[in-house]
Amino acid sequence: MPGNATLSVDGQTYELPTLVGSEGEKAIDISKLRDRSGYITYDPGLGNTGMCKSSITYIDGDKGILRYRGIPIEQFANHPNFIEVAWLLINGRLPQPEELAGFSAKLTANAPLHEAMRHHFEGFPVNAPPMAVVSAMISTLACFHHQFLTIEDDAHFEELAARLISKVRTIAAYAYKRSQGRPFIYPDPRLRYCANFLHMMFSMPYDQYLVDPDIEDALNLIFILHADHEQNCSTTTVRVVGSSKANLFASCAAGVSALWGPLHGGANVEVMEMLDKIHKGGVTPEAYLAQAKDKSNPARLMGFGHRVYKNYDPRAKLLQQACERVFAKLKRKDPLLDIARKLEELALKDPYFVDRKLYPNVDFYSGLIFRAIGIPTEMFTVMFVIGRLPGWIAQWKEQHDMESGKIVRPRQVYTGKTINDFVPMEQRIKA
Ligand code: ACO
């Protein structure tokens, strides 16, 4: 039962209310602390700060648990349907058949971009980083869909969510086509979400890409496993921007920027670079592991370890199985997969990794699947954007609907100069 916490400072005692979440997460409510005591809390990186109550995603990092709206992610693996999971995240429950059909129809109707937006892509240099293009084009959607800059009701919001989820897929495929100097391919209304994405990525006007259902399933699963991860850096960014009542397009464009960083969405690229380096450099997995353990060496075992999971990342387990299925289906051999398998086998019995609870994370196998499908490394973080978008949308809406509706505005402990007079330029010139 929630009680009070007692804080003693400067000879004064303050009673602070506590709260407990539905899975037992305990928090001290310090929202009135400054008013009452003159103190703020100091928590760089916000690792001990709950900025919201949320009912979307639950993680228990010690036990390796991840649930969307209470449903363990393993339960999505047998019939992976990213769109159903997107609807679940946004609406809080699984859809009825007619609700899912209605949402899918909206996605299909909204897949094409405004023709003028298509021409925007030609303004970017061919070697533009795809994440910059995706962020810019999500912002650009606000220019073409004015009617969604404010939300009227839930039906209006669902229409907006469908537009954004659908158009991001087209934007991502066009960003890739532009980078290759290849013609844009219009979405095909007969195809489902992931199949349509693969079609826009890989078809040519004279050569239709045939979508393998097992590859479509693998892509659905990858997107599902990236769909939300509670208050991570990009999601927090989306909520912070949304707290100023900025529209969903602007908020999600900011989320893309946050995800772009190598400490967040860029890690799967680094896994591939590590595997490639081991392969090309002729380093054995055993020798690389020794480097990763050596504190004087900057090498780390990329795709291992996680700030929250101190157990096997449940997403990594599912991706490892998906990876084996995809390679078997494509009858493909990849020396990088052999290296990954060996690294994992060695690390999981090495006391250095066991003692520090370092297990494979979501990035360890996702890049290998992308590579097998034909998605180049530069597009990996864009794939993460497509997957994470439903989570951003759900979290933005939760923030939007919060009763307090407060703008997020933290404080600071100022450590700069105290009052310091302005000196006119002529007096500043050194003698
Ligand atoms: N390889 C070698 N040693 C490692 C690794 C690794 N991948 N990860 C952590 N360690 C070691 C640290 O050196 C430290 O050792 P010490 O106690 O002897 O000093 C100990 O394990 C604890 O590590 P921290 O850095 O404190 O762990 P933290 O939770 O802060 O970091 C992180 C987590 C950043 C993910 C880290 O494990 C890492 O760098 N991993 C590799 C990069 C990676 O895969 N990132 C993707 C994360 S998933 C995602 O963002 C979607």
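Before moving on, here are some points about what is shown:
Quick grid of which residues meet (1) within 12 Å of the ligand (Cβ to nearest atom); (2) free of Cβ contacts under 8 Å to residues at least 40 places away in the same chain; (3) not aromatic (Phe, Trp, Tyr):
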| residue | (1), (2), (3) |
| --- | --- |
| CYS323 | no, no, yes |
| LYS333 | no, yes, yes |
| VAL354 | yes, yes, yes |
| ASN361 | yes, no, yes |
| ILE373 | no, no, yes |
| GLU378 | no, no, yes |
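- Any hit, segment 199-221, residues being closer than 30 Å to MET51 by Cα and outside any loop (DSSP other than H, G, I, E, B): yes
- Residue count for segment 268-295, restricted to those that are open to solvent by 20 Å² or more (accessible area, probe 1.4 Å) and within 12 Å of the ligand (Cβ to nearest atom): 8
- Among residues of segment 360-379, those that are aromatic (Phe, Trp, Tyr) and modelled with pLDDT of 95 or more, counted: 1
- Selected residue [closer than 26 Å to ASP62 by Cα and of a type in the set (A, V, I, L, M)] from VAL326, VAL308: VAL308
- ASN297 satisfies every condition listed in (1) of a type in the set (S, T, N, Q); (2) over 26 Å from the mean Cα position of the chain (by Cα); (3) within 20 Å of GLU74 (Cα to Cα) except (3).
- Here ARG163 does not fit the description of being open to solvent by less than 60 Å² (accessible area, probe 1.4 Å), touching a helix residue (DSSP H, G or I) at 6+ places or on another chain (Cβ under 8 Å) and in a strand (DSSP E or B).
- Of the strands (runs of 3 or more DSSP E) lying entirely inside segment 1-90, those containing at least 2 residues that are free of Cβ contacts under 8 Å to residues at least 40 places away in the same chain are 4-9, 12-20, 26-28.
- Here CYS233 passes the criteria (1) crowded, with 19+ Cβ neighbours inside 10 Å; (2) more than 25 Å from PHE144 (Cβ to Cβ); (3) within 11 Å of the ligand (Cβ to nearest atom) except the one numbered (1).
- Residue in segment 150-159 that is modelled with pLDDT of 95 or more, of a type in the set (S, T, N, Q) and open to solvent by 40 Å² or more (accessible area, probe 1.4 Å) present: no
- ARG409 vs. criteria assigned to a helix (DSSP H, G or I) and either open to solvent by 10 Å² or more (accessible area, probe 1.4 Å) or within 16 Å of the ligand (Cβ to nearest atom) (or both): no
- Considering residues of segment 236-266 that are surrounded by 22 or more Cβ atoms within 10 Å (Cβ to Cβ) and within 12 Å of the ligand (Cβ to nearest atom) only, the residue nearest to GLY61 (Cα to Cα): GLY265
- Test: residue in segment 168-180 that is within 19 Å of MET379 (Cβ to Cβ), surrounded by fewer than 21 Cβ atoms within 10 Å (Cβ to Cβ) and hydrophobic (A, V, I, L, M, F, W, C): no
- Listed by first and then second residue, the pairs with beta-carbon distance under 9 Å, at least 6 apart or on different chains, first residue in segment 190-215 and small (Gly, Ala, Ser), second assigned to a helix (DSSP H, G or I) and open to solvent by 70 Å² or more (accessible area, probe 1.4 Å), are ALA195/PRO213.
- Candidates LEU107, LEU94 - the one that is at pLDDT 95 or above and either under 30 Å from TYR14 (Cα atoms) or in a helix (DSSP H, G or I) (or both): LEU107
- The residue pairs whose first member lies in segment 257-280 and is within 14 Å of PHE304 (Cβ to Cβ), whose second member is within 9 Å of the ligand (Cβ to nearest atom) and in a loop (DSSP other than H, G, I, E, B), and whose beta carbons are closer than 6 Å, counting only pairs six or more residues apart or on different chains, are GLU270/MET302; VAL271/MET302; VAL271/GLY303; MET274/MET302.
The values are calculated or read from the model by the stated rules, or taken from the named source; none is laboratory data. The structure presented is a predicted model; accordingly, all values stated were derived computationally and were not measured. Glycine gets a Cβ as well: all are built from the backbone with ideal geometry, and neighbour counts include every protein chain shown. Protein only, heavy atoms only, side chains kept; ligands, DNA and RNA dropped before computing areas. Shrake-Rupley method; radii C 1.70, N 1.55, O 1.52, S 1.80 Å.
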